Amino acid sequence: MIQTLQSLRFVFIMLIVFSHIIGKRFDYGGECGVSFFFMLSGFVLSLAYGTKVANGTFRTRPFLFRQLLKFYPLHLLMLVAFVVFDAHLGKFYDWQHLLPSIFLLQSWIPLDEYYFVANGSSWFLCDILFFYLVFSCSFRLLNRLSVLRLAIFGMVLLLLYIILAYSIPLWTVNSILYASPLTRLADFGIGILLCRMYRSEACAVIGRRMESSSDAIKTVCEMLLVVWMVMSFFAYESMSLRLRCAALFWLFIPPVILYFSVSDRCGGVLTRLLRHPVLLWLGGISLEIYLMHMLVLRGVNSMLLSAGVSRALVIIVIGLAVMVPVAWLTKRFFVDKIYVSLIKHVE
């Protein structure tokens, strides 16, 4: 496990959480966080299973079942919890809108009432499931092409993406460019290419040079990456909605993933911070935080308002404080228990 990436999971999950707390004024957080996780998925899967895909021993079916066991039970639990909680508040869902979410197909339907129904965050799982299905063929394609052909292939896809982005109605940008599995496959593919770069001799040379560099130089490089990500925020604020919801982050996130992968054991101050046990532990429950945060925040908000507490800051602070232990308890006593009991039945 690359420990810096494990901790970065928590950092980017919190960007998503704060985007849901703050709302439209911080859409950047959600869109940046989602892009990071799509790219990270391609990178991590390639790192873990790339050799098996290359030598023909990778099997999609058992791989898919193993991955589903990690998140599908919690997805169903949160879906039921949202339906019950909202029914208590007087809000009821059309079963036709819920059905695609049950089978993780909601992002294929370009309507808000389908892919943002109930636990709206779960649309992400629909895309991830699709990426798992096409992982082996995507990996083979992107690793067999020469650098020149890969560059031509990438330029053609980028041109087609821009044409698509500026030809669709503005009201469909979220459903087609932000949530659709087909368009977000580009992020996943970038992650696969990042792994190809990470395993290259050129990257190995950079890693050796980094090991021999002073701690001050490595820390400066890390601070420059932080500045680079801050620049992405200002670029986001001034960029067209058609590009900033996804394509903008193709430029800003890959250097972060690649650098902290290479610097995992030889980085500067920020790398050492990301290797701290607390951050690693928080990174380990990032999926649970993601799937549960909206329900936890709404539940805390409802209870505090009924108790006469109406200050938004107090509600947010208590909600965030409750979120982490609830996510940990859910992972330990629900997610992990189900995984251990069922994984033995997967071939």
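The values are calculated or read from the model by the stated rules, or taken from the named source; none is laboratory data. Being a predicted model, the structure only gives us computed values, none of them experimental. Note that each Cβ is placed from the backbone with ideal geometry, even for glycine, and that neighbours are counted across all protein chains shown. The protein model used for the area step is the full one, side chains on, heavy atoms only, and it has no ligands, DNA or RNA in it. Shrake-Rupley method; radii C 1.70, N 1.55, O 1.52, S 1.80 Å.
Points worth noting:
- All told, G50 falls short of being part of a helix (DSSP H, G or I), within 22 Å of Y178 (Cβ to Cβ) and open to solvent by less than 10 Å² (accessible area, probe 1.4 Å).
- Screening segment 297-347 for residues that are under 20 Å from L287 (Cα atoms), among the β-branched types (V, I, T) and in contact with a Lys or Arg (Cβ under 9 Å, 6 or more places away or on another chain) and picking the one that is modelled with the lowest pLDDT gives I343.
- Qualifying residue in segment 28-38 (condition: at pLDDT 95 or above and more than 17 Å from L243 (Cα to Cα)): yes
- Scanning segment 123-142 for any residue that is exposed (fewer than 15 other Cβ atoms within 10 Å of the Cβ) and either modelled with pLDDT under 90 or over 25 Å from the mean Cα position of the chain (by Cα) (or both) turns up nothing.
- Residue pairs whose Cβ atoms lie under 6 Å apart, sitting 6 or more positions apart in sequence or on different chains, and linking a residue in segment 303-332 that is under 22 Å from H88 (Cβ atoms) to a partner that is open to solvent by 70 Å² or more (accessible area, probe 1.4 Å) and aliphatic (A, V, I, L, M), do not occur here.
- Within segment 148-164, none of the residues are open to solvent by 40 Å² or more (accessible area, probe 1.4 Å) and part of a loop (DSSP other than H, G, I, E, B).
- Subset of segment 88-107 that is part of a loop (DSSP other than H, G, I, E, B) and open to solvent by 60 Å² or more (accessible area, probe 1.4 Å) - its residue that is farthest from W123 (Cα to Cα): L89
- Residue identified as in a helix (DSSP H, G or I), crowded, with 20+ Cβ neighbours inside 10 Å and either at pLDDT below 90 or not charged (D, E, K, R) (or both) among F71, F85, F65: F71
- Positions within segment 298-337 being over 24 Å from the mean Cα position of the chain (by Cα) and among the acidic types (D, E), in sequence order: none
- Tally of residues being among the acidic types (D, E) and open to solvent by less than 10 Å² (accessible area, probe 1.4 Å) across segment 173-212: 1
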